[in-house]
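Remarks on the structure that follows.
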Amino acid sequence: MRLLVTGASGLLGLNLSLHARRAHTVIGVDRGTLVAPPFELLKMDLLEDGALERAVMESRADAVIHCAAVAEVDWCEQNPDLAWRVNAELPGQVATVCARSGVGLVHISTDAVFDGISPGPYTEADEPNPIGVYALTKHAGESAALEAHPHAIVARVNFYGWSVSGTRSLAEFFVNSLKAGIAVRGFTDVIFCPMLVNDLATTLLRMLEAGLKGVFHSVGPEPMSKYEFGVEIARKFGFDERLVSADSVEDAGFAAPRAHNLHLSVHKLSTALGGAIPRFSTGLETFYTQYEQGYPQQLRSYQQPSTGAQFDSPLGGLPRRREGQ
Ligand SMILES: NC(=O)c1ccc[n+]([C@@H]2O[C@H](COP(=O)([O-])OP(=O)(O)OC[C@H]3O[C@@H](n4cnc5c(N)ncnc54)[C@H](OP(=O)(O)O)[C@@H]3O)[C@@H](O)[C@H]2O)c1
């Protein structure tokens with residue numbers, strides 16, 4: 001297949017593009033963060049007039065995997081207009097162009113569409129109740145995508161891994177801090193189901209190849225707190241786990257509210273794919289092996305040195321607090 005990957009410089013987009021290129025032709029959309037990755041690039045801002053149509057036409061894509069978003073939860077809370085434009089409106093426009101051109105679509109959404117009040121696990125039949133600007137915009141984006149393209153896949157995800165800047169994921173935050181001996185807060189009252197981004201890439205491609213459509217929870221099969229996640233990383237990397245403190249997210253002073261329980265059921269996905277969803281322990285093992293084998297440095301070599309991912313973003317060099325944090 002010819003795959004158009006938006007957000008190709010992002011945590012998901014880059015890892016997905018590098019994985020997908022082994023079996024498919026990948027054309028990534030990038031605004032100038034990347035330099036010479038081993039796949040074709042279309043340089044454009046997707047908010048510019050006509051950019052989407054041009055991307056779909058020039059790529060001659062069979063399917064679009066729409067990873068581009070503004071994923072900084074607290075930044076969205078303070079910049080609701082741009083968050084709405086990118087996270088809520090753009091997916092509908094992507095879906096419209098794809099549907100009109102007979103192109104498949106995988107739209108990336110989030111576990112955060114739920115309020116996290118229920119004991120869970122949340123299934124796809126449960127009604128979302130997003131809290132905060134980011135969650136609201138992402139929920140609106142998945143509705144817009146499905147309305148315009150009823151055959152689209154909407155994947156609600158949560159993932160970690162290595163990124164082009166080395167600072168984009170929650171796992172990188174733990175590794176960078178603990179390696180430097182810096183104490184970090186781990187939240188015992190935020191439950192999520194993390195999946196290694198490379199396992200997610202494999203899973204998304206399996207979903208596309210299987211011809212699925214509709215909403216799927218594409219997260220890891222095991223729920224854990226963000227505190228447990230930090231401790232697991234400390235143990236795997238041989239860092240001092242006592243540097244991870246057991247705290248409440250309510251004391252963190254974040255701008256955006258956080259849902260407490262994002263335990264999502266993956267039953268629908270595992271049934272549709274006819275197999276088990278990648279486990280946390282194998283994902284963490286891969287994450288560590290990648291570290292030992294220089295994968296983080298390989299990703300960083302694709303970063304445009306003159307700009308830097310952080311300062312080329314619409315966030316204008318603001319500190320980036322990841323969705324996971
Ligand atoms: N990280 C998580 O754990 C998590 C959890 C749940 C859901 N998600 C969802 O997963 C998807 C990918 O997230 P991520 O963590 O990979 O995000 P990310 O690392 O912040 O990447 C976002 C990407 O979107 C691009 N982008 C933003 N606005 C754009 C525009 N106007 N035109 C073109 N490109 C634009 C960015 O380009 P620049 O490099 O130029 O800024 C970047 O490549 C998003 O839909 C997010 O909501 C993520």
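Per-structure values
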| item | result |
| --- | --- |
| 1 or more residues open to solvent by less than 20 Å² (accessible area, probe 1.4 Å) and of a type in the set (S, T, N, Q): qualifying strands (runs of 3 or more DSSP E) within segment 184-300 | 214-218 |
| Residues located in segment 1-48, provided they are within 12 Å of the ligand (Cβ to nearest atom), free of Cβ contacts under 8 Å to residues at least 40 places away in the same chain and either aliphatic (A, V, I, L, M) or farther than 13 Å from ILE65 by Cα (or both) | VAL29, ASP30, LEU41, LEU42, LYS43, MET44, ASP45, GLU48 |
| Matching residues, segment 180-213, being closer than 20 Å to PHE237 by Cβ, touching a Phe, Trp or Tyr at 6+ places or on another chain (Cβ under 8 Å) and of a type in the set (Val, Ile, Thr) | VAL184, VAL197 |
| Residues of segment 162-171 that turn out to be within 9 Å of the ligand (Cβ to nearest atom), of a type in the set (A, V, I, L, M, F, W, C) and in a loop (DSSP other than H, G, I, E, B), as a count | 1 |
| Residue count for segment 166-176, restricted to those that are under 15 Å from the mean Cα position of the chain (by Cα) and open to solvent by 10 Å² or more (accessible area, probe 1.4 Å) | 3 |
| Any pair with Cβ under 9 angstrom, 6 or more apart, that starts in segment 222-246 at a residue that is closer than 20 Å to GLN290 by Cβ and ends at one that is in a loop (DSSP other than H, G, I, E, B) and among the aromatic types (Phe, Trp, Tyr) | ILE233/PHE239 |
| Among the candidates ALA183, ALA145, ALA125, ALA171, residue that is under 24 Å from LEU269 (Cα atoms), touching a residue at least 60 places away in the same chain (Cβ under 8 Å) and not aromatic (Phe, Trp, Tyr) | ALA145 |
| Residue satisfying all of: in segment 62-89; in contact with a strand residue (DSSP E or B) (Cβ under 8 Å, 6 or more places away or on another chain) and open to solvent by less than 10 Å² (accessible area, probe 1.4 Å); farthest from the ligand (Cβ to nearest atom) among these | ALA63 |
| Residue tally, condition surrounded by 24 or more Cβ atoms within 10 Å (Cβ to Cβ), touching a helix residue (DSSP H, G or I) at 6+ places or on another chain (Cβ under 7 Å) and in a loop (DSSP other than H, G, I, E, B), over segment 8-43 | 1 |
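The values are calculated or read from the model by the stated rules, or taken from the named source; none is laboratory data. In this text the structure is predicted, and so the values were computed from the model without any measurement. Here Cβ is always computed from backbone atoms with ideal geometry, including for glycine, and neighbour counts include all displayed protein chains. Accessible surface is based on the protein model in full, side chains and every heavy atom, while ligands, DNA and RNA are left aside. Shrake-Rupley method; radii C 1.70, N 1.55, O 1.52, S 1.80 Å.
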